[in-house]
C-alpha cells in the first residue's frame, strides 16, 4: 500500500528518528502516514514537519498500552493534537510503568544468569520512559543471547518467558475514552496478534472495544498473519468497524514489512482515513 497508519520511531522503540522514518516511508512509496509511538506523542511534531516537506499526508497518532481480560492490548489513537496537555497527563502514568517494568525485567534476567539487561536496553532507548521489550530484544541480539529479533521474544520476552514482567496498564476502555476525549479515533491495533484460547474471547474484546467507543480495527497489519487479516476483515464487515492498516514497522532487524508494504485493505471496507477528510479510494 501507499498508506501506513502504524509505525514507530526512536521516540518509543523504533530505530529511526521521526525525520529519518518519514524519509524512509517516502522511499518505500508511502503517500499517507501516521506516527504511532508507544505511549508518547513526542515525535509527532518532528515527523509531521518532515512529512509535509516531503509532500506526504500526515495523521498524528499514538499507540496506547492497555489491559483487557488480563492481557496487554494496544489501542492506536489517530488524529490527536500532540501538544494537548491531556495527552501529557495521560501518558505520564504509563511512562512511569515502563520504567518500573524495565527494573523488574532486569531482575528477572539476573535470576537466569543474564546480567546488565537494563543498562544494555537503555543504550537503545532515548530515555527510560520510552523503554520497551524491543530495546531488550536488541540488546539480547547484540550480546549473542539470541540469533534473531523474533527469537528474543519467543525465548525471553513473551508472557511466561524468563524476562517478561507484567504491567498494570490502564484498562482498554480507559484508553479508548482518553483517545475520544482528545478528539481522536480509537483503532484496535493488530487484533490478530492477541493469542486468545477461544474465538469468543476475541469477539468479546471487539464488542467491548466498540461499546467503549472504538471505531476502527487494523484489518491488515505487518504484525499479524495474512490468515488473520481475512478473519478481521470479516469482523469489520459484521460489526461495522472502519478499517485501518499499518506495517507496525520498528526496525530493519524485524521481519515485519517495510512502511506501506503490508497488504492492501479489501475494497468493500470503509477506510479509517475518511474520518480525516481524505477520499475513500486514496491508495
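Laboratory data are not the source of any read-out in this text; all were calculated from the coordinates shown. Quick caveat, the model's predicted, so the values are computed rather than measured. All Cβ positions, glycine included, derive from the backbone under ideal geometry; neighbour counts span all protein chains shown.
Here are some notes:
- Subtracting the Cα-Cα distance of residue 100 and residue 20 from their residue separation scaled by 0.36 nm leaves 25.8 nm.
- Entry note, the stretch 1-160: relative contact order of 18 percent, from Cα contacts under 8 Å with a spacing of 6+ residues.
- Debye-formula intensities of the stretch 67-179, expressed as log10 I(q)/I(0) at q = 0.12, 0.14, 0.18 Å⁻¹, are -0.47, -0.62, -0.94 (one equal scatterer per alpha-carbon, no solvent).
- Every Cα-Cα pair of the stretch 147-251 was included, and the share exceeding 20 Å stands at 47 percent.
- Folded to 0 to 90 degrees: helix 18-27 orientation relative to the chain principal axis, Cα: 60 degrees
- In degrees, nearest ten, helix 133-142 long axis to first principal axis of the chain (Cα): 50 degrees
- A value for Cα Rg over 2.2 N^0.38 Å was derived from the coordinates, and within the list [x] 1.13; [y] 1.22; [z] 0.94 it appears as [z].
- By other beta-carbon atoms within 10 Å, ranking 232, 196 with the fewest at the front produces 196, 232.
- Helical mean residue ellipticity (222 nm; -39500 (n - 2.57) per DSSP H run of 4+; nearest 500) of the chain: -11500 deg cm²/dmol
- The residue 107 and residue 193 beta-carbon pair, evaluated with R₀ = 25 Å, returns a calculated FRET efficiency of approximately 0.40.
- Spin-label model, residue 278 to residue 238: label points 7 Å out along the Cα-to-beta-carbon direction sit 2.8 nm apart.
- Here r is the Cβ-Cβ distance between residue 200 and residue 158 and R0 is 22 Å; the resulting FRET efficiency, rounded to 0.05, is 0.45.
- Percentage relative contact order, the stretch 25-110, counting C-alpha pairs under 8 Å, at least six apart: 26 percent
- The relative contact order of the chain comes to 21 percent, based on Cα pairs under 8 Å that sit 6 or more residues apart.
- Between the Cα long axis of helix 44-54 and the first principal axis of the chain there is an angle of about 50°, rounded to the nearest 10.
- Model label zone, residue 171; criterion: amide N under 16 Å from point 7 Å along Cα-to-beta-carbon; scope the stretch 55-81: 66-73
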